[in-house]
Structures are given as C-alpha cells and as structure tokens.
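Everything below concerns the one structure shown next.
The values are calculated or read from the model by the stated rules, or taken from the named source; none is laboratory data. Predicted, not measured: the structure shown is a model, and the values here were computed from it. Glycine also receives a Cβ, built like all others from the backbone with ideal geometry; neighbour counts cover every protein chain displayed.
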Amino acid sequence: MKIAITGLTGFLGHYVAKKIFGRDVHIQALIRDSSNVLHLEDYQKKITFHKGDLTNKENLKQFVQGADVVIHMAYERQGATFHEAANRDIKRFVEANLLGSIELLDASKQAGIKQFIFISSCAVYGRIFPNIKLDELHPLIPDSNYGAYKASVEAFCHAYYLSKSFDTTIFRPVGIYGINPHLAHSAWYNIIKDIKHGCNVEVSEGGKIVNVEDVVQAIDLAIGNKEAAGKIYNLVDFYVDNMSVARIAKEICASQSNLSGTPRQPVNTIDNTQSKSLGVRYAGDDGLKRYVQELINRI
C-alpha cells in the first residue's frame with residue numbers, strides 16, 4: 001500500500017510515522033524546503049519525499065501519483081498557535097490552507113486514490129447549543145478563522161465522498177498532548193519544568209485533551225477501513241484543568257512548589273461514542289500521568 005501524507009514532519013506526523021511503518025507500506029511525504037526530517041531517519045527507506053507545498057498543483061500531482069490513501073495533516077502557520085496564525089494574514093492563510101486543501105482533494109481525485117483522511121479539529125463547533133448533544137452531528141458554527149477553515153475543508157470532503165470520487169474519513173481532535181520532538185513545545189512544559197525545579201506556580205484554565213497516541217490509533221484504525229467511509233469522529237478523552245496537571249507533577253517530583261490558582265470547570269462535554277465504536281481505546285488518567293512522568297524525566 002502507498003500512503004501520501006502531508007504534515008509528516010510535524011508533531012502529529014512524527015507519531016503517525018512510527019505507527020504506520022509497522023504496516024507494509026510506502027510513504028509519499030509532501031515537505032517544505034525548510035522541513036526538518038531528522039526524526040524520520042529510521043524510516044527513510046520507506047519514504048519518498050516530495051518538496052513543495054499545497055499551493056503548487058504540479059507538486060500535488062506528483063505527490064499523490066500512485067497513492068492508495070491520502071492523509072492530510074499539514075497546516076501552514078505564521079504564528080505561535082493555530083489560531084494566531086489564522087488571524088495574521090488572512091489572504092495567505094486561505095490560499096495556503098483552504099485553497100491548498102481543495103487543490104489536494106482535486107489532485108487526489110485525478111490520481112484515483114481510494115481514501116482521503118482529513119485531520120480536522122473540534123474548533124469547527126464554535127457556538128455550542130446547550131439543548132443539542134455535542135456529537136458529530138452538532139451544527140458547525142465556528143467562532144474562529146481556524147475553525148472556519150477546518151469546517152470548510154470538511155464540507156469539501158463530504159462533497160467528494162458523496163459524488164463517489166473516493167472514501168473520506170474526518171477526525172476532530174481536541175487539544176493533543178504528547179512528548180514533542182521539540183521538547184519545550186510539549187503540553188504543560190513550562191508548568192512542569194517550574195515544579196520540577198521547586199518554583200512556585202500559579203495555574204489557571206484547562207481544556208479537553210487527547211493523547212497523541214490515541215489520535216494515531218484512530219488514524220491507523222481508519223486506513224483502508226470501509227466502515228470508516230464517509231464518517232466523522234470526535235477524538236476526545238476528557239477535560240483536565242491545569243491545576244490537576246500541576247498536582248500530578250508535584251506529587252511525582254515530591255516538589256516543594258506552592259501551587260495557586262482556581263481550577264476552571266468545563267462548560268460542555270464532547271461525545272466520543274463514535275470513535276470508541278471505531279475501536280479507539282483512550283489513555284485516560286493513567287495515560288496523562290505516564291506523560292507527566294516522562295516529561296519530568298526528560299526535562
């Protein structure tokens with residue numbers, strides 16, 4: 001099987017590579033000239049690199065040629081966060097991400113691929129209706145440019161699927177945590193580092209989380225799976241406030257840090273029944289604790 005992947009050099013891509021190379025596959029990866037591929041050295045015999053981006057039609061044509069499956073994870077950003085990038089240069093943002101994704105869908109159709117897997121986001125929901133279950137059928141009214149982009153690409157995925165161009169599968173993860181190849185970019189890095197060093201820490205906020213291994217597990221379960229055709233899956237484990245993470249770190253380190261702040265409670269719950277029916281087994285509290293322990297060991 002040949003799988004064409006965008007975003008393979010990113011945080012999520014790093015874990016996808018490790019997972020799917022357990023299969024008998026060859027990877028076609030679309031990368032920028034500036035992409036760092038050092039973390040893929042162990043797999044390079046199974047990878048064909050195509051340099052370019054989503055805005056170049058010829059690059060896309062060569063990239064998807066001969067592929068059975070396309071996994072689209074790439075996101076061009078000019079900023080520290082996904083949302084910040086979407087607010088800086090809206091014209092460039094739309095050209096590189098939205099129009100680029102549509103061009104990728106079209107190139108995939110022309111190449112005769114069988115399945116297109118798109119990594120979307122729960123940011124597509126935006127406005128939440130309290131009287132409607134927050135599952136995959138909840139109305140999409142994004143409250144950010146980033147969410148609007150993801151929802152737009154989802155709509156085009158549906159159009160290609162319903163016109164029988166190829167099967168599509170869409171995943172909507174919440175905040176993904178895991179050890180980042182760039183360690184300082186790992187979730188809660190600064191909080192955990194300060195606690196390990198005995199500093200007093202003030203924490204606030206929180207969010208819905210999912211372990212990166214669980215996202216990769218979902219992608220792996222969907223590859224070549226006809227039961228996943230035309231489906232959307234929320235990928236969410238549970239809500240955690242940052243104070244809880246800080247307490248886990250303090251206990252593991254036996255730290256003398258003083259923790260202050262008011263834990264924030266979730267305002268809604270995203271349903272994950274569909275992803276569990278796909279076969280996803282979430283890491284839960286134990287997975288979070290293992291992550292904090294590993295991050296402490298690496299700092």
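Screening A246 with (1) surrounded by 14 or more Cβ atoms within 10 Å (Cβ to Cβ); (2) part of a loop (DSSP other than H, G, I, E, B); (3) touching a Ser or Thr at 6+ places or on another chain (Cβ under 9 Å) gives one miss only, at (2). Quick one: would you say I219 is among the aliphatic types (A, V, I, L, M), on the phi < 0 side of the Ramachandran plot, at pLDDT 95 or above and within 16 Å of the chain's Cα centre (by Cα)? Here the answer is yes, as I219 does meet what is asked.
I'd like to check something: does segment 183-201 contain any residue that is aromatic (F, W, Y) and in the same structural domain as G52 (by TED's automatic domain parsing)? Among the residues of segment 183-201, not one is aromatic (F, W, Y) and in the same structural domain as G52 (by TED's automatic domain parsing), which makes the answer no. Within segment 149-161, if we keep just the residues that are of a type in the set (A, V, I, L, M, F, W, C) and in contact (Cβ under 8 Å) with a residue 12 or more places away in the chain, the residue that is nearest to V69 (Cα to Cα) turns out to be C157.
Among the residues here, D24 does not qualify as more than 21 Å from the chain's Cα centre (by Cα), acidic (D, E) and modelled with pLDDT under 80. Of all residues in segment 249-264, how many are exposed (fewer than 14 other Cβ atoms within 10 Å of the Cβ) and either within 19 Å of I176 (Cα to Cα) or touching a Gly at 6+ places or on another chain (Cβ under 9 Å) (or both)? The number of residues fulfilling the criteria is 1. On inspection, K133 fails the criterion of being without any contact (Cβ under 8 Å) to a residue 60 or more places away in the chain and in a loop (DSSP other than H, G, I, E, B).
What's the total number of residues in segment 229-243 that are within 20 Å of the chain's Cα centre (by Cα), surrounded by 19 or more Cβ atoms within 10 Å (Cβ to Cβ), not in a strand (DSSP E or B) and not aliphatic (A, V, I, L, M)? Qualifying residue count, segment 229-243: 1.
With L134, L104 as the choices, which residue is in the same structural domain as E58 (by TED's automatic domain parsing), of a type outside the set (D, E) and touching a His at 6+ places or on another chain (Cβ under 9 Å)? If you could, list the steps in order and put the result at the bottom.
On the way: L134 fails: touching a His at 6+ places or on another chain (Cβ under 9 Å).
Matching residue, one of L134, L104: L104.
Looking across K226, K289, K208, one residue alone is over 20 Å from the mean Cα position of the chain (by Cα) and either among the hydroxyl-bearing types (S, T, Y) or surrounded by 14 or more Cβ atoms within 10 Å (Cβ to Cβ) (or both). It is K289.
Taken together, A4, A29 contain a single residue that is of a type in the set (G, A, S), within 23 Å of R92 (Cα to Cα) and at pLDDT 85 or above, which is A29. Looking only at residues of segment 155-194 that are surrounded by 14 or more Cβ atoms within 10 Å (Cβ to Cβ), within 16 Å of the chain's Cα centre (by Cα) and outside any strand (DSSP E or B), we find that the one that is modelled with the lowest pLDDT is P181. Kindly provide the set of residues from segment 249-294 that are charged (D, E, K, R) and part of a loop (DSSP other than H, G, I, E, B), ordered by number. R264, D271, R281, listed by residue number. Between V203, V216, the distinction of being without any contact (Cβ under 8 Å) to a residue 60 or more places away in the chain and either touching a Leu at 6+ places or on another chain (Cβ under 8 Å) or among the polar types (S, T, N, Q) (or both) belongs to V203 only. Filtering V280, V267 for residues that are touching a residue at least 60 places away in the same chain (Cβ under 8 Å), aliphatic (A, V, I, L, M) and surrounded by 12 or more Cβ atoms within 10 Å (Cβ to Cβ) leaves a single hit, V280.
If you go through segment 20-79 and pick out every residue that is in a helix (DSSP H, G or I), charged (D, E, K, R) and under 18 Å from L99 (Cα atoms), you end up with 3.
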